[in-house]
Structures are given as C-alpha cells and as structure tokens.
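S.K.: Once you've had a glance at the structure underneath, I'll fire off some questions.
Please treat every number below as a calculation from the coordinates, not as lab data. As the structure is a computational prediction, the values presented were derived from the model and not from experiment. So basically every Cβ, Gly included, is an ideal-geometry build from the backbone, and we count neighbours across all protein chains shown.
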Ligand code: MD3
Ligand code: FE
C-alpha cells in the first residue's frame, strides 16, 4: 500500500518485495567493481555505514562532499547504473506523482547491526527539483524524518525489505537519518540492511 508521510514524501510498502534476487544481483555487480568502503566525514569521523555507488560517484574528505563522473584514482568512469534500477526509479517516481525520472547517480549504503546514519540533509546534488527514490533491502530499519531545521521534531517510520520511498517537492531538503540497526538475519541479504538511493546529482 501507499502512504504519504509528508508533502512530497510517499512510502510504497513492498513495491519491490518480489524483485529481491534481481536487485541484489545488480548491487553485487556494482560491488565487484566498487567495493564497499567506510568513508570519512569532513569532520574526521569514519562512518559506520559502508558505501558504494554507480553512475556519478560520491566522495567525502576534509574539503567536503561532492559528486564526480570518474574515480579520481584511476581516471575511469564509475560503472553505469544497472537498467533494473533505472526502470524502478522511473516507475516509482511516476507512481508517486513526479515527472519521468532519469537519475544519474546511485548511492548504496550497507548497514551492519549497530550501524546508523545521523540526522542530515542531502544537499550536495545540483538538482533539488528532482526527487530521490530509495529502496530498502534486508534487515528492517527505523527511519527518522524531520523538518527543514535540525531541531524540528522527527517522526519515526519503519522501513522493511522491499519498501520504496520517493522524496520530492517540499520533503526533498528535510533532515533525516537511520536509527541503529538491530541484530538480525535476512534470508536473502544476510545480517545486513542495504539501501539504494537514485538521484539526479549533476
Ligand atoms: C529524505 N540514506 O543515502 S534513504 C542517504 O536508508 C540516506 O540509507 C538513508 O539518507 C538510508 O543520504 C535513507 C531515504 C532518504 C534518502 C534521501 C532523502 C530520505 C530522504 C533526501 C531527502 C529527504
Ligand atoms: Fe540522506
């Protein structure tokens, strides 16, 4: 079923529940080329979440966060976004009431039990007019969704394997985060949660 949690934010429960194996195969194809890595924030903290990406990649260092077409170490482009993820992003965005969506960046987060993502805004993209489509796989999570101010009160939204959320319009710049993941085992994904976000970054 579909649930609007804020203006522009639509949760599509179970939207890709039946496509776990294909989605995981797509993730693993990217991981073979861009292995999971723990980034260091500009503030010098190592993130508990492991990341990978395709399309335009993401980087974080003492100078800040940015997106790039190429791996600065090898000079090569990051791998392309798998077709199944491009199709899913467009389908979900349109069903949530947004225009056809052609993302150019796909970030993947892997959470192990205890991993969390502190409250933040996604504002490194150049295009805030486009939505972000997120896909949850594996262990469940509690998502925190706030307002335009870090101090605004947050609502807690449970996210399960197969849920897709489209974040656009007024919700695009809201603060959000993921509470520490509880210990567990998912039959397909194992002891992890994987989140995929599709974005128009550059
Ligand atoms: C709401 N990821 O990668 S996805 C991120 O589950 C990120 O890994 C979380 O926050 C995760 O930046 C949450 C849902 C999400 C993604 C982007 C948003 C929600 C958002 C941007 C604006 C508002
Ligand atoms: Fe985010």
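S.K.: Which condition number in (1) surrounded by fewer than 20 Cβ atoms within 10 Å (Cβ to Cβ); (2) in contact (Cβ under 8 Å) with a residue 24 or more places away in the chain; (3) farther than 23 Å from residue 30 by Cβ; (4) within 16 Å of ligand 2 (Cβ to nearest atom) is the one that residue 184 fails?
M.R.: (4)
S.K.: Test of understanding: among 120, 192, which residue is surrounded by fewer than 21 Cβ atoms within 10 Å (Cβ to Cβ), touching a residue at least 12 places away in the same chain (Cβ under 8 Å) and within 9 Å of ligand 1 (Cβ to nearest atom)?
M.R.: 120
S.K.: Another question about this same structure. What number of residues within region 147-172 satisfy the criterion of being assigned to a loop (DSSP other than H, G, I, E, B) and within 9 Å of ligand 1 (Cβ to nearest atom)?
M.R.: Number of matching residues: 2.
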